[in-house]
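Working notes, structure below.
The values are calculated or read from the model by the stated rules, or taken from the named source; none is laboratory data. As the structure is a computational prediction, the values presented were derived from the model and not from experiment. Cβ: placed from backbone, ideal geometry, glycine included. Neighbour counts: every protein chain shown.
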Amino acid sequence: MLILVINAGSSSIKYKLYDVEKDVFLAEGIIERIGDKQATHTHKIDKQEPIKQKVQADNHHQATELVLDMLTHSEVGVIKSIDEISGVGHRVVHGGEEFNKSVLINQDVIASITKFIKLAPLHNPPALEGIKAARKLLPDKPQVAVFDTAFHQTMPEEAFFYALPYKFYKKYGMRRYGFHGTSHKYVARKAAKILNKPPEKLKIITCHLGNGCSIAAVMNGSSVDTSMGFTPLEGLAMGTRCGDIDPAIVTFILENEGLNTYQMDNILNKKSGLLGLSEVSNDMRELNAACKIKDGKACIALDVFYYRIKKYIGAYIAVMNGIDAIVLTAGIGENNPWLKDRLEKDLSEILSKFGAKVLVIPTKEEWMIAMDTYEIINRKK
Ligand code: ADP
């Protein structure tokens, strides 16, 4: 059964076509710079060199059309007709408090995703564009929404409430939601398989470390806490995001630098984190290289990044009163062996007391989206 996974961003659409029952992916690609004259389409068939070409993609509808044309192309396509696709899984960032799992998309679901635009103004609108385009172009195929926030909806109140006036929760839904849920769910399940134990019997801390970074406490298969909050800015130090800071810093900078809220937001989201501290780069590869040649600020940035992870792990071991595994995943987590080595050394007493392991597990968010879509489609039948 073929499932198409679509991840629509503000100016891009990423896609991946899976044969779920055979556990293989057939093709993947990305259309970038949608709405720009320089739009490009990169398409890759498993194990082959990618094809990259300039395209005309004025909007998400046109871009989705290009994706389907490419998948069914007589020479470089992988299917004969779009009828071979059984369903489409869409990545949606924000499902608010309404969705604790993936759902079949209907008008009510679209209305809810639209309602949550106020919580994810940059992410939910392009997801809706992708959904609308795919529904138009593949009207007979079931479409499923898979939310970044859904996995964390099991968090207890004490973990998701901020100590702010309660009225802001009522008025704006201001609470911790958490993100990267699909990735945390996937690697936690995979860790349980590797440990050969049922997820319901495990305490796992999953660290998704990419450009955005978040960490989650997964107890008995459910997320009980996570570091990202109302937005993806909270928690760990990230590529360009500051993560946890004293909130009074925001008003201090606003007053002393004479900035407006847009400029402030830009500093917190785009100019901070590894980039802000190091003044070198937000890219871990460059920071590793710079620190090796004794660039002091690069080394400090790496130390802050690492220390924050270690501190959260400590907190989550306390939250769960134990630990079976710490999982490192995503671009940084999967490719920096020093992280595993350092955690194993620094946490050696705790790890040996609980018989816990540090595992590196590549994340497969798109695969998880395809699996959820597959399960929902089959349940419907
Ligand atoms: P995104 O959140 O954009 O999906 P990724 O999961 O691709 O991000 O992670 C990007 C980060 O992973 C960057 O900091 C990058 O430097 C780091 N990374 C990727 N490959 C390597 C590598 N081989 N060695 C060290 N760091 C890497």
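For the stretch 203-225, filtering for residues that are of a type in the set (S, T, N, Q), within 14 Å of residue 316 (Cβ to Cβ) and within 16 Å of the ligand (Cβ to nearest atom) leaves 2.
Here is a yes/no grid of residues against (1) of a type in the set (A, V, I, L, M, F, W, C); (2) buried (at least 16 other Cβ atoms within 10 Å of the Cβ):
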site	(1), (2)
52	no, no
58	no, no
64	no, yes
100	no, yes
103	yes, yes
107	no, no
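Just one of (1) buried (at least 20 other Cβ atoms within 10 Å of the Cβ); (2) not in a helix (DSSP H, G or I) fails for residue 122. It is (1).
For the stretch 171-202, filtering for residues that are part of a loop (DSSP other than H, G, I, E, B) and either within 16 Å of the chain's Cα centre (by Cα) or within 16 Å of the ligand (Cβ to nearest atom) (or both) leaves 5.
Here is a yes/no grid of residues against (1) at pLDDT below 95; (2) at positive phi:
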site: 118; (1), (2): yes, no
site: 121; (1), (2): yes, no
site: 128; (1), (2): no, no
site: 131; (1), (2): no, no
site: 137; (1), (2): no, no
site: 155; (1), (2): no, no
site: 168; (1), (2): no, no
site: 178; (1), (2): no, yes
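Residue by residue through the stretch 282-299, note down the ones that are more than 15 Å from the ligand (Cβ to nearest atom) and either closer than 18 Å to residue 235 by Cα or of a type outside the set (A, V, I, L, M) (or both). If the condition is that a residue be more than 15 Å from the ligand (Cβ to nearest atom) and either closer than 18 Å to residue 235 by Cα or of a type outside the set (A, V, I, L, M) (or both), then 294, 295, 296, 297, 299 are the ones that fit. Looking at residue 270, is it within 16 Å of the ligand (Cβ to nearest atom) and either surrounded by fewer than 17 Cβ atoms within 10 Å (Cβ to Cβ) or closer than 21 Å to residue 363 by Cβ (or both)? When the stated conditions are applied, residue 270 passes them.
Condition check for residue 88 on (1) touching a helix residue (DSSP H, G or I) at 6+ places or on another chain (Cβ under 7 Å); (2) not in a strand (DSSP E or B): one failure, at (2). Of all the numbered requirements in (1) of a type outside the set (Lys, Arg); (2) farther than 26 Å from residue 103 by Cβ; (3) part of a helix (DSSP H, G or I), residue 205 misses one, and that requirement is (3).
With respect to (1) hydroxyl-bearing (Ser, Thr, Tyr); (2) surrounded by fewer than 17 Cβ atoms within 10 Å (Cβ to Cβ); (3) within 21 Å of residue 208 (Cα to Cα), the lone exception for residue 261 is condition (3).
Within 29 Å of residue 190 (Cβ to Cβ), surrounded by 18 or more Cβ atoms within 10 Å (Cβ to Cβ) and within 14 Å of the ligand (Cβ to nearest atom): does that describe residue 330? Yes; evaluated as a whole, the condition is true for this residue. Of the residues making up the stretch 187-218, those that are hydrophobic (A, V, I, L, M, F, W, C) and surrounded by fewer than 24 Cβ atoms within 10 Å (Cβ to Cβ) number 4.
Name the one entry in 282, 321 that is surrounded by 15 or more Cβ atoms within 10 Å (Cβ to Cβ) and under 20 Å from residue 207 (Cα atoms).
The conditions single out 282.
When 237, 163 are checked against the criterion of being more than 26 Å from residue 90 (Cα to Cα) and touching a residue at least 60 places away in the same chain (Cβ under 8 Å), a single residue qualifies: 237. Restricting attention to the stretch 305-318 and to residues that are surrounded by fewer than 17 Cβ atoms within 10 Å (Cβ to Cβ) and not charged (D, E, K, R), the residue that is farthest from the ligand (Cβ to nearest atom) turns out to be 318. Just one of the listed residues (29, 77) is surrounded by fewer than 20 Cβ atoms within 10 Å (Cβ to Cβ), under 20 Å from residue 366 (Cβ atoms) and of a type in the set (Gly, Ala, Ser), namely 77.
Taken over the stretch 1-26, residues that are crowded, with 17+ Cβ neighbours inside 10 Å, touching a residue at least 60 places away in the same chain (Cβ under 8 Å) and in a loop (DSSP other than H, G, I, E, B) amount to 2.
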